[in-house]
Amino acid sequence: MLMDGRELAKDIKAKIKAEIDDIKRIYNVNPTVASILVGDNQASQVYLNSQIKSYQDLGIGVQKYFFSEEISEAYLLNLIDKLNKDTEVDGIMVNLPLPPQINVTKVLNSIKLVKDVDGFKAENLGLLFQNNEGFTSPSTPAGIMALIEKYNIDLEGKDVVVVGSSNIVGKPIAALILNSRGTVTICNIYTKNLAEKTKNADILISAVGKPKLITEDMVKEGAVVIDVGINRVNGKLEGDVDFESVQKKASHITPVPGGVGALTVAMLLSNILKSFKANRGII
Ligand code: NAD
C-alpha cells in the first residue's frame, strides 16, 4: 500500500488554517515567523519557497532575513537575540545549512525555547528524549509519525531500523519511536553489514541521501518502508529506496516525492501554531 503524504498534509494544513482563522476572529492577532537564510544553497531555497507559499495560504506573516554567505556569527546571534525579545515574533526558523564560519549548534541553541519551531535546540531534543510533553518535534520526524498514525501502524514491540543518524532526522525519529514503544536500531555509514540489520525490520526508515541504497534483498517480506531520502537523479527526485523492486515486498511504502517530504512543511506549520499560542498565551 502506498502511504500518501500529500493527502495527509492537505488535511493537516486545513485544520491548522481553521484554528488560525478562529484565533484571528477571537483575538485579532495572527502568527508571525522570522525566516533566516544565509547564502544561496539550492535545496534551502526550494524548501524556503514552499514554506513561504504555505505561510501565505494560511495567513501566517513572515519576516525575511536573507543574507549573503559572508555574514558573521555575532551578527546572526545578535539578530536572534532581538527576535527572541520581540513579542510580535512567534517563531524563528533558521534555514540550514549555514556557512562554515558560523557554529550551527550555537545558533540553534540561542533560539528561545517557545520560538524554536524547528525543534532543533538542545533543550527541545532533550525534552523529546525524556518523552516530556513540552517538546516541539523536528518537522520531518513528526511527519513520519503522522504517516505511521494515519496508516494505523502499531509500533509497540515492533523492530524498527533507522538508517541515518543525523540530528535532524535519524536521532529524533529514533527517540519518537522509542517513546511509542518500538525497539529501535540506528544505523550509520559505519554500520557493518547493513543488510543484516535492515532484514530484521518490521518498519524500515531510511534517511541517508543515497539513491538505491535500500534494495529488495535488504527488506523483510511485509515490512513498512519509509523513505526520507531526497536525491536528484537525472533531473528527477528519488529516495534512498529502490522503489520498483521494494514495493513488491513491502506492506506499506512511501513514494518520493509525495511521501514524507510532503509532510515536512505541514508539521512545521503545526509547530508554528503551537509556538504562536504559547507566545501569545492562547489556550
Ligand atoms: P545527513 O547527511 O546529515 O546524514 C546522513 C546519515 O546517513 C548519516 O548518519 C550517515 O552516517 C548515514 N549514512 C551515509 N551513508 C550511509 C550508508 N551507506 N549506510 C548507512 N548509513 C549511511 O543527512 P540528513 O540531513 O539526515 O538527510 C538525509 C536524507 O534525507 C537526505 O537525502 C535529505 O535530503 C533527506 N531529507 C528529507 C527531508 C524531507 O522532508 N523528506 C528532510 C530532511 C532531510
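Readers should treat all values here as calculations from the given coordinates under stated rules, not as data from a laboratory. Note that this is a predicted model, so its numbers are computed, not measured. Every residue, glycine among them, receives a Cβ derived from its backbone with ideal geometry; neighbour counts consider all protein chains shown.
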In whole angstrom, the spacing between the Cα centers of the range 191-229 and the range 19-85 equals 35
Efficiency of FRET from Cβ geometry, Thr215 and Leu237, R₀ 22 Å, rounded to 0.05:
0.70
Please give the charge dipole size of the chain, origin at the Cα centre, charges +1 on K and R Cβ atoms and -1 on D and E Cβ atoms. Round to the nearest 20 debye.
280
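Taking a threshold of 29 Å on the Cα-Cα distance, which of the pairs Lys13/Lys112; Lys150/Lys192; Lys53/Lys115; Lys10/Lys220; Lys158/Lys192; Lys17/Lys64 fall above it?
Values: Lys13/Lys112 25 Å; Lys150/Lys192 33 Å; Lys53/Lys115 21 Å; Lys10/Lys220 31 Å; Lys158/Lys192 22 Å; Lys17/Lys64 21 Å.
Among Lys13/Lys112; Lys150/Lys192; Lys53/Lys115; Lys10/Lys220; Lys158/Lys192; Lys17/Lys64, the Cα-Cα distance tops 29 Å for Lys150/Lys192; Lys10/Lys220.
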Can you run phi through the Karplus equation (6.51, -1.76, 1.60; θ = phi - 60°) for the range 61-72 and list ³J(HN,Hα) in whole Hz, with x for Gly and Pro?
x, 10, 9, 9, 10, 10, 10, 7, 3, 7, 3, 8
Residues in the range 48-63 reached by a label modelled at Ala18 [backbone nitrogen below 19 Å; 7 Å Cα→Cβ]
57-60
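For Tyr65, Tyr190, which order do you get if you count the other beta carbons within 10 Å of each Cβ and list the fewest first?
Values: Tyr65 19, Tyr190 6.
Exposure proxy ranking, most exposed first: Tyr190, Tyr65.
Stretched out fully, how many nm does the piece from Phe129 to Asn30 gain, at 0.36 nm a residue minus the Cα gap?
Values: separation 99, 0.36 × 99 = 35.64 nm, distance 3.14 nm.
Between Phe129 and Asn30, full extension yields an extra 32.5 nm.
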Percent antiparallel among DSSP beta bridges confined to the range 81-239, nearest 5, equals 20
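Give me the net charge of Ala9's neighbourhood, meaning all other residues with Cβ under 14 Å from the Cβ of Ala9; Lys, Arg count +1, Asp, Glu -1. Walk me through the intermediate numbers first.
Numbers: positive: Arg6, Lys10, Lys13, Lys15, Lys17, Lys53, Lys150; negative: Asp4, Glu7, Asp11, Asp57, Glu149.
Around Ala9, the charge tally is +2.
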If you add up the charges near Gln56, with Lys and Arg at +1 and Asp and Glu at -1, over every other residue whose beta carbon is less than 13 angstrom from its beta carbon, what do you get?
+3
Karplus (6.51, -1.76, 1.60) ³J(HN,Hα), θ = phi - 60°, over the range 208-213, in Hz, Gly and Pro reported as x:
10, x, 9, x, 6, 5
Excluding Ser180 itself, calculate the net charge of residues whose Cβ lies under 11 Å from the Cβ of Ser180, where each Lys or Arg counts +1 and each Asp or Glu counts -1.
-1
Between Val62 and residues 5 or more places away or on another chain, the pairs with built amide H atoms under 5 Å apart involve Val33
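Express as a percent, rounded to the nearest 5, the fraction of DSSP beta bridges in the chain (both residues included) that run antiparallel.
On the way: 3 of 31 bridges.
Antiparallel bridges make up about 10 percent of those DSSP assigns within the chain.
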Read phi for every residue in the range 261-269 and hand back ³J(HN,Hα) as whole Hz from Karplus 6.51 cos²θ - 1.76 cosθ + 1.60, θ = phi - 60°, with x for Gly and Pro.
x, 5, 8, 4, 5, 4, 6, 4, 4
Rounded to one decimal in nm, the spacing of the 7 Å Cα→Cβ label points at Ser44 and Lys199 is 4.2
